[in-house]
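Derivation of every value follows stated rules applied to the coordinates shown; laboratory data play no part. What you are looking at is a predicted structure, and each value in this text was computed from that prediction instead of being measured. As a convention, Cβ positions derive from the backbone with ideal geometry for all residues, glycine included, and neighbour counts pool all protein chains shown.
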Amino acid sequence: MIMESALLDVRPGQEDAFLAAFTEARPLIAVQAGFRSVELRRGLDEGNRSRFLLLVEWERLEDHSEGFRRSAEYEKWRALLHHFYEPFPLVEHFGESLV
């Protein structure tokens, strides 16, 4: 299993619109081969209420990098969500839990 993570800095004042767009976008990722789960968590620290943590579990790295990223659903995902980010997030992948 692979864990994809991204810190999403949403433009201030756009948080509610982002959350609505994410609700619309979620089914686009959930139907992908190798998809296991997705979590979106909002920052709690002072000054970070516009920051979200996206965690997506995939069976294999290629399910994200080659499958989802090259799909028609990703184009829709991108159109729904990418304009909210400033700056654009760094996406990283992690292996199995060590503990």
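Things to note:
- Euclidean distance of C-alpha centroids, the range 83-98 and the range 1-63, integer Å: 9 Å
- Theoretical ellipticity at 222 nm over the chain - DSSP helices of four or more residues, -39500 (n - 2.57) apiece, nearest 500: -8500 deg cm²/dmol
- LEU44, LEU54, LEU98 arranged by Cβ crowding within 10 Å, fewest neighbours leading: LEU98, LEU44, LEU54
- Taking packing as the residue-averaged number of other Cβ atoms within 10 angstrom, the listed peptides 7-15, 61-69 run from highest to lowest as 61-69, 7-15.
- Take every pair of alpha-carbon atoms less than 8 Å apart whose residues are at least six positions apart; their mean separation over the length of the chain yields a relative contact order of 47 percent.
- A simple packing score, the average count of other Cβ atoms within 10 Å per residue, orders the peptides 33-41, 88-96 as 33-41, 88-96, with the highest score first.
- Listed residues ALA72, SER97, GLN32: farthest to the positive end of the dipole of the chain (Cβ charges): ALA72
- Its Cα centre serving as origin, the chain has a Cβ charge dipole (Lys and Arg +1, Asp and Glu -1) of approximately 200 debye.
- Positive minus negative residues near ASN48 (Lys, Arg vs Asp, Glu; Cβ under 10 Å): 0
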